[in-house]
1. How many residues does the stretch 201-244 contain that are out of contact with any helix residue (DSSP H, G or I) (no Cβ under 9 Å at 6 or more places or on another chain) and farther than 22 Å from GLU83 by Cα?
2. Return only the number of the condition from (1) more than 11 Å from the chain's Cα centre (by Cα); (2) touching a residue at least 24 places away in the same chain (Cβ under 8 Å) that GLY73 does not satisfy.
3. Report, by residue number, each residue of the stretch 129-164 that is at pLDDT 75 or above, within 19 Å of LEU215 (Cβ to Cβ) and outside any helix (DSSP H, G or I).
4. So which residues in the stretch 204-219 are over 20 Å from the mean Cα position of the chain (by Cα) and either surrounded by fewer than 18 Cβ atoms within 10 Å (Cβ to Cβ) or in the same structural domain as SER77 (by TED's automatic domain parsing) (or both), if there are any at all?
5. Given the criteria modelled with pLDDT under 90 and either assigned by TED's automatic domain parsing to the domain that holds THR204 or among the polar types (S, T, N, Q) (or both), does SER126 qualify?
6. Is it the case that some residue within the stretch 184-200 is of a type in the set (Val, Ile, Thr) and either outside any helix (DSSP H, G or I) or at pLDDT below 85 (or both)?
7. Go through the stretch 78-117 and count every residue that is out of contact with any strand residue (DSSP E or B) (no Cβ under 8 Å at 6 or more places or on another chain) and under 21 Å from TRP228 (Cβ atoms).
Amino acid sequence: MFTTCWRVLRADRTTEPLNGREGSPAGLDYYAVCVDTGPMKQMLSERTAATLIALTARPAGLRLAELARLTGGPLSSAQRNIESLLDEGLVIRDGEHRPRYRVAPDAPADALTRLALWRLSSGRASLIRQQVQAMEGDARLPRLDLESRLHGAMADPETAKLLRDMAERLIWWQRADQSLRRPERLIAQAMAIGTSDDADVVETVFGIEAMRHVLAAAPAGIFDPRKWDYWHLRFGYRRTPPLPTRPA
């Protein structure tokens, strides 16, 4: 098994591979950490490394949807990676509703970049950087084609009746046909004010990833604090972001 050794410069929290030279820079003590490459790479997942590459390439920060797109994973995976980095103090959160995440000012950005490059192939790291540089404005959540899933579900008479009844009950101020043209709102209403049976129906029809996307993009006024906390806990998020609020 291969072993990798790293020199950690304690004064400025920099980490770099040992190169065989004796001594250390003036005024800096260092110690060597040698780890088996295999277990180390298991600890640092490719998506976490990709997240670090993306964040260090854009100091102003990235939104969760942007990180999900850049790292090639679902929103839930991007959320878990960010939560881990927040817990380690390597990333900070800017803003409340649709926040940006960026590398913490006191985090060793250069060392994190080198560590991520060690985990990722150079080709993938370069591609992520190119995508970051090409970004304009804010990324939106990847489209899940909810209309196609709804169309397929409506082909079953029993499921169609359930969905129409839900739409009439949960979005009572308009006709069911109008409500079904915006399935993301029906999902949100089922999660926010519906019964457990309503939530089961939307999970069966649209999938749990669609529910996660709806939660991440929820506008102010949909969820109350109790349901907001519940769904973040239900989806396994370790942190519950602030509840979206309307501008004062």
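1. 2
2. (1)
3. In the first step, residues of the stretch 129-164 are kept if they are at pLDDT 75 or above; the result is 129-134, 145-164.
With the extra rule that they be within 19 Å of LEU215 (Cβ to Cβ), the set shrinks to 145-146, 149-150.
Matches in the stretch 129-164: ASP145 only.
4. Scanning the stretch 204-219 gives a single hit, THR204.
5. On the way: modelled with pLDDT under 90: yes; either assigned by TED's automatic domain parsing to the domain that holds THR204 or among the polar types (S, T, N, Q) (or both): yes.
Yes; evaluated as a whole, the condition is true for this residue.
6. Checking the stretch 184-200: at least one residue is of a type in the set (Val, Ile, Thr) and either outside any helix (DSSP H, G or I) or at pLDDT below 85 (or both).
7. So the first thing to find is which residues in the stretch 78-117 are out of contact with any strand residue (DSSP E or B) (no Cβ under 8 Å at 6 or more places or on another chain), and the list is 78-81, 83-84, 87-89, 95-97, 106, 113, 116-117.
Then keep just the ones that are under 21 Å from TRP228 (Cβ atoms); that gives 78-80, 83, 87, 95-97.
The qualifying residues number 8.
The values are calculated or read from the model by the stated rules, or taken from the named source; none is laboratory data. The structure presented is a predicted model; accordingly, all values stated were derived computationally and were not measured. Positions of Cβ are backbone-derived with ideal geometry, glycine not excepted, and every protein chain shown enters the neighbour counts.
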